[in-house]
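Each remark here refers to the structure printed beneath this line.
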Amino acid sequence: MEQALGFLAAAVLVTLSPGPDNLMVLSLGMAKGRRHGIAFGLGCAAGCLSHTLLAALGISALLAASPLAFSALKMAGGGYLIWLGWQAWHSPGSLMDKHHGQDTRDSAGKLFAKGLLANAINPKVVLFFLAFLPQFVISQHGQIAWQTAQLGLLFTAQAAVVFGLMGYFAGHAGQWLNTSRRRSMLLDRIAGTLFALLGLKLILSH
């Protein structure tokens, strides 16, 4: 229990710290609405499951040790974020339903899948899990892979709560902003620009 609580406290602080996932969840929540912000946030959290599996199996270490594989994953992740930005820029606007404060134009399921994929193919998250999870593994307890998997599942659960709340409150804040077509398009442009900049930053990072 002491091991789990110490890890949980650190995980929440890491998740709350400013980063690409936070910015994407907040911008999409404001542009699309509460339900869609929550869906994208839960998708980002679910993407952590793939990193948990890779870390538990030791594959993350192999990716980190291969410059070619890491560069390919970085290009794929950055390119995907730029593509999401391009989609947002070419959106005709996401006008909210006045009664429910929700975007009726896009599917929440699609945004969940986009959040999952954006997180799953981000090589920086691969390295983060490789560096972060082992710090809380107690080698004397044995079963290193199983400990790593449990910590990754705990990280995913708290990320789902934190990102879900971020998406909800961002959507609530965007509800009164996103009541005209012009403001709706502006919010989409801001979200698209943010996604594209994050993609470029990922591609150009060392």
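The values are calculated or read from the model by the stated rules, or taken from the named source; none is laboratory data. On a predicted model such as this, the values are computed, not experimentally measured, just so you know. Glycine gets a Cβ as well: all are built from the backbone with ideal geometry, and neighbour counts include every protein chain shown. When the accessible area is computed, the model is the full protein with side chains, heavy atoms only, and any ligands, DNA or RNA have been set aside. Shrake-Rupley method; radii C 1.70, N 1.55, O 1.52, S 1.80 Å.
What to note about this one:
- The phi torsions of the stretch 148-153, fed into the Karplus equation with coefficients 6.51, -1.76 and 1.60 and a -60° offset, translate into couplings of 4, 5, 5, 5, x, 5 Hz, rounded to whole numbers, with Gly and Pro shown as x.
- Remark on the stretch 1-79: Rg and Dmax equal 15.4, 41 Å (Cα only).
- Of the options (1) 73, 35, 34; (2) 59, 39, 24; (3) 58, 58, 31, only one is Cα extents along the principal axes in Å as computed from these coordinates, and that is (2).
- In order through the stretch 22-30: 3J(HN,Hα) via Karplus (6.51 cos²θ - 1.76 cosθ + 1.60), integer Hz, x for Gly, Pro: 4, 4, 5, 5, 5, 5, 5, x, 5
- When the Gaussian network model of the chain links Cα atoms closer than 10 Å, the mean-square fluctuations of Leu26, Leu73, Leu116 top out at Leu73.
- Over the residues of the chain, the helix contribution to mean residue ellipticity at 222 nm works out to -27000 deg cm²/dmol, using -39500 (n - 2.57) for each DSSP H run of at least 4.
- Peptides 39-48, 189-198 ordered by average Cβ neighbours within 10 Å, highest first: 39-48, 189-198
- Packing-based order for 9-15, 140-146, using average beta carbon neighbours within 10 Å, highest first: 9-15, 140-146
- Of the residues His36, Leu68, Trp89, the one whose Cα sits farthest towards the positive end of the charge dipole of the chain is Trp89 (charges of +1 on Lys and Arg Cβ, -1 on Asp and Glu Cβ, taken about the Cα centre).
- Positive-end residue of Phe128, Leu200, Ser50, charge dipole of the chain with Cβ unit charges: Leu200
- Residue pairs, from the table Lys74/Lys110; Lys74/Lys124; Lys32/Lys74; Lys32/Lys201; Lys110/Lys201, whose Cα atoms sit over 20 Å apart: Lys74/Lys110; Lys32/Lys74; Lys32/Lys201; Lys110/Lys201
- Of all accessible heavy-atom area on the chain, the percent that carbon and sulfur account for (1.4 Å): 73 percent
- Compared with the dominant Cα axis of the chain, that is its longest principal axis, helix 67-89 is turned about 20°.
- Each Lys and Arg Cβ is given +1 and each Asp and Glu Cβ -1; about its Cα centre, the chain then shows a dipole of about 700 debye.
- Here the label points at Ala69 and Trp89, each 7 Å from Cα along the C-beta direction, are separated by 3.3 nm in the simple model.
- Most to least packed among 79-85, 108-114 [average Cβ atoms within 10 Å]: 79-85, 108-114
- Leu186-Lys110 pseudo-label distance in nm [points 7 Å out on the Cα-to-Cβ vector]: 2.5 nm
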